[in-house]
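S.K.: Once you've had a glance at the structure underneath, I'll fire off some questions.
The values are calculated or read from the model by the stated rules, or taken from the named source; none is laboratory data. All figures in this text were calculated on a predicted structure; none of them were measured in a lab. We place every Cβ from the backbone using ideal geometry, glycine too, and count neighbours over all the protein chains shown. Side chains included, ligands, DNA and RNA excluded: accessible areas come from the protein's heavy atoms. Shrake-Rupley method; radii C 1.70, N 1.55, O 1.52, S 1.80 Å.
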Amino acid sequence: MKVLVVGKGGREHAIITALHESPTETEIYSFPGSDAIFELAKPVEADGVASLISAMQELNIDLCVAGEESYLVKDEGLANACAVAGIPCWGPPKEAAQLEASKEFAKEFMVRQSIPTGGYSPVETIDEARAAIDGKYPTVLKFDGLAAGKGVAVCMTEGDAEEFLDEVLVQRKFGPGRLLVEEYLEGPEISIFASVVDGDYQILAPARDYKRIYDADEGPNTGGMGAVSSLDMFEGDLRSVIDETIVRPTVEGLQNEGLPYRGFLYFGLMLTENGPKVIEYNCRFGDPEAEAVLPMVEGDFAAHVFEGAKGNLDSDLVSFKDGWSICLVSASAGYPASSRSGDVISGLDQVSDARVFHAGTKLNEAGQFETAGGRVLVVVASGSTREEAVTNVYRESEKVAFDGMQRRTDIGTRNF
Ligand code: AMP
Ligand code: GLY
């Protein structure tokens, strides 16, 4: 099977690795990819959805996997264009991908489908925002569009809120768009992933990610500094509560509203005192959660995705190992405000009992990997207990270093 994976980060490196290790034989292509990904996949060049489709047709690609979200809503939409070209695509059409691309669309969908989520008001101006906040802190402000995970501010004080309002509505840091003022929800977070195939779905192993740059969940939000995954995180009846109140109504809602969906669907949930509530949907796997979850897959991941993209969900194709998997991100100097490139990474060949997925690296002329992005790489290790996985991931990560490296010391420990 010839498969093309869209994306270039740690998540796509993990997806490509899982495809490569599947019993189904695959010949893997990558767009835009990275030097580390090109060790497993052949590069494909394109400059938009249409040219990517032409490239896939020329190569006789059997399956397109949308690792990241941006192409799902770009131009005519990756999945829409694949459908026209007759190429099975794992990732939803543009219309359904609004669940991620527009926070207001997602909120309205949840209200229509009675899916638990925080209250909200959409606003356009600073005055409307101040009126909606109404002096109540903490409050949550969300830019209504794709902002690479940086469009959300949890504001503890009026000062925090005013700063974010200025960035978004005055400086227009993320471009034009509305803002949602959202009810602040409290509780541990959990990331739920489902493989959705029209009206059918399979819930995968859950995860928890760590979004703040510093230990103890301090400092600015990032794309994610680490993640933990285990089936044991489904304590008591949590899995069935989430299934009944959130996953099933979402899948049925998509069906009822004529929004076909084939692909991973990510539910960012807050486990509040009043039950799980949806913080956000993403129309793809999480990053860095994918790096923690996918090494736990058993069975035939490539067949799972290929059959799913063709409309068949066979829940016997994949299952998840027992135990715990933890991924730890190493980020470059300056992240998340900026990122420094060109710092040579040492020790990659010393890592023995773990996997390394590259998020932002490139090969230099001397053939060494160097930093080329904010999140640079992810080390993933497992253990039969969470504590063992923590020990393993930190022991292996310590072997890898580069100048200016930033790495949290409490991944897998905090929030448990
Ligand atoms: P998002 O980009 O929507 O995932 O939001 C980023 C992070 O902001 C989430 O992982 C939460 O930690 C936090 N967050 C988002 N919405 C809320 C909310 N309504 N209440 C409390 N925290 C939130
Ligand atoms: N880890 C959060 C995300 O992928 O959006």
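S.K.: Quick check: is even one residue across segment 227-237 assigned to a loop (DSSP other than H, G, I, E, B), away from ligand 2 (no atom under 14 Å from the Cβ), touching a strand residue (DSSP E or B) at 6+ places or on another chain (Cβ under 9 Å) and within 30 Å of I61 (Cβ to Cβ)?
M.R.: Scanning segment 227-237, I find no residue that is assigned to a loop (DSSP other than H, G, I, E, B), away from ligand 2 (no atom under 14 Å from the Cβ), touching a strand residue (DSSP E or B) at 6+ places or on another chain (Cβ under 9 Å) and within 30 Å of I61 (Cβ to Cβ), so the answer is no.
S.K.: Scan segment 357-364 and give yes if some residue there is in a strand (DSSP E or B) and among the β-branched types (V, I, T), otherwise no.
M.R.: The answer is yes, given that some residue of segment 357-364 is in a strand (DSSP E or B) and among the β-branched types (V, I, T).
S.K.: Looking only at segment 91-123, count how many residues are within 24 Å of V49 (Cβ to Cβ), of a type in the set (G, A, S) and away from ligand 1 (no atom under 16 Å from the Cβ).
M.R.: Number of matching residues: 2.
S.K.: Collect the residues in segment 392-412 that are in contact with a helix residue (DSSP H, G or I) (Cβ under 7 Å, 6 or more places away or on another chain) and open to solvent by 10 Å² or more (accessible area, probe 1.4 Å), keeping them in residue-number order.
M.R.: K399, R407, T409, D410
S.K.: Consider L265 carefully, then state whether it is touching a strand residue (DSSP E or B) at 6+ places or on another chain (Cβ under 7 Å), in contact (Cβ under 8 Å) with a residue 40 or more places away in the chain and either more than 16 Å from ligand 2 (Cβ to nearest atom) or open to solvent by less than 40 Å² (accessible area, probe 1.4 Å) (or both).
M.R.: yes
S.K.: Moving to a separate point now. Hey, can you tell me all the residues within segment 165-200 that are away from ligand 2 (no atom under 16 Å from the Cβ), open to solvent by 50 Å² or more (accessible area, probe 1.4 Å) and in a strand (DSSP E or B)?
M.R.: Correct list: D200 only.
S.K.: Mind checking which pairs have a first residue in segment 355-367 that is open to solvent by 80 Å² or more (accessible area, probe 1.4 Å) and a second that is not aliphatic (A, V, I, L, M), Cβ under 6 Å, 6 or more apart or different chains?
M.R.: Partner pairs satisfying both residue conditions: K362/D35.
S.K.: Oh, and also: Out of L141, L52, which single residue is open to solvent by less than 30 Å² (accessible area, probe 1.4 Å) and closer than 20 Å to T26 by Cα?
M.R.: L52
S.K.: Let me ask you something else. Hey, among the residues in segment 6-38 that are charged (D, E, K, R) and open to solvent by 10 Å² or more (accessible area, probe 1.4 Å), which one's nearest to V73 (Cα to Cα)?
M.R.: Checked segment 6-38; the qualifying residue nearest to V73 (Cα to Cα) is K8.
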